[in-house]
1. Give me the residue from segment 7-18 that is of a type outside the set (D, E, K, R) and either in contact with a Ser or Thr (Cβ under 6 Å, 6 or more places away or on another chain) or assigned to a helix (DSSP H, G or I) (or both) and, out of that set, most open to solvent (accessible area, probe 1.4 Å).
2. Identify all residues within segment 19-34 that are over 14 Å from TYR80 (Cβ atoms), part of a helix (DSSP H, G or I) and within 14 Å of the chain's Cα centre (by Cα); write none if there are none.
3. Checking the condition in contact with a helix residue (DSSP H, G or I) (Cβ under 7 Å, 6 or more places away or on another chain), buried (at least 17 other Cβ atoms within 10 Å of the Cβ), over 19 Å from GLU108 (Cα atoms) and not hydroxyl-bearing (Ser, Thr, Tyr), which residue from ASP70, ASP76, ASP54, ASP91 passes?
4. Checking ARG140 against (1) within 26 Å of SER15 (Cα to Cα); (2) in a helix (DSSP H, G or I); (3) open to solvent by 70 Å² or more (accessible area, probe 1.4 Å): exactly one of these is not met. Which one?
5. Return the total of residues in segment 40-78 being in a helix (DSSP H, G or I) and in contact (Cβ under 8 Å) with a residue 12 or more places away in the chain.
6. Of all residues in segment 79-102, how many are assigned to a helix (DSSP H, G or I) and aromatic (Phe, Trp, Tyr)?
7. Give me the residue from segment 126-137 that is among the small types (Gly, Ala, Ser) and surrounded by 12 or more Cβ atoms within 10 Å (Cβ to Cβ) and, out of that set, nearest to SER99 (Cα to Cα).
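The values are calculated or read from the model by the stated rules, or taken from the named source; none is laboratory data. Just so it is clear, the model here is predicted, and its values are computed rather than measured. Cβ placement follows ideal geometry from the backbone for every residue including glycine, while neighbour counts extend to all protein chains displayed. Just the protein is used for accessible areas: all its heavy atoms, side chains included, with ligands, DNA and RNA removed. Shrake-Rupley method; radii C 1.70, N 1.55, O 1.52, S 1.80 Å.
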Amino acid sequence: MQNNKKNSGMTKFESAVRNTPDIAAGYKKGIQAFGANSSCVQVDDTRKLEGSVDIDKCTRDIYPDKSRWDYALGYDEKAYFIEVHPASTSDVATMIAKSKWLKEWLKEKAKDLEVLKANDNYYWLATGKIKILPKSRQYRMLMENKILLRSKLKLPLE
């Protein structure tokens, strides 16, 4: 069995979070950082769950006027970036702004976390019903910005 912990006992994800000053104090075990939103994420193997961080909560005072992304989740030595938000066409511009902020923030302030990024996608988990049609202009805009809209996120990805 593969051990995903370094000699220090920290997973790669935990180490990346703790090495990022903006969010260093926000690391939580499992999916605890998601709080009331924890039911939005499901994992097949809890042993591969490396922790989570509420990026928005940790960076609120640092970037008060920015559209900040919600969460990062470590699973199987990879980081997934998740936003839990209502899903109407009127929310698409907000989500694109949040993803752009996240991309810049990862590049400038969270390089260790960016290296762990599972893929080029960001995950928008809808609170309530998804009110964006797959053939709409707004849906295409999400795809162009690598934002995948789902009702839940199940890891590993299928």
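1. This residue is SER15.
2. GLY26, GLN32 - these are the residues of segment 19-34 that are over 14 Å from TYR80 (Cβ atoms), part of a helix (DSSP H, G or I) and within 14 Å of the chain's Cα centre (by Cα).
3. Values: ASP70 fails: over 19 Å from GLU108 (Cα atoms); ASP54 fails: over 19 Å from GLU108 (Cα atoms); ASP91 fails: in contact with a helix residue (DSSP H, G or I) (Cβ under 7 Å, 6 or more places away or on another chain).
The conditions single out ASP76.
4. Only one criterion in (1) within 26 Å of SER15 (Cα to Cα); (2) in a helix (DSSP H, G or I); (3) open to solvent by 70 Å² or more (accessible area, probe 1.4 Å) is unmet by ARG140, namely (1).
5. Qualifying residue count, segment 40-78: 8.
6. 1
7. Among residues in segment 126-137 that are among the small types (Gly, Ala, Ser) and surrounded by 12 or more Cβ atoms within 10 Å (Cβ to Cβ), the one nearest to SER99 (Cα to Cα) is ALA126.
This table checks each residue for (1) within 21 Å of LEU153 (Cα to Cα); (2) β-branched (Val, Ile, Thr); (3) surrounded by fewer than 16 Cβ atoms within 10 Å (Cβ to Cβ).
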{"position": "GLU104", "(1), (2), (3)": "no, no, yes"}
{"position": "LYS109", "(1), (2), (3)": "no, no, no"}
{"position": "LEU113", "(1), (2), (3)": "yes, no, no"}
{"position": "LEU116", "(1), (2), (3)": "yes, no, no"}
{"position": "ASN119", "(1), (2), (3)": "yes, no, yes"}
{"position": "TRP124", "(1), (2), (3)": "yes, no, no"}
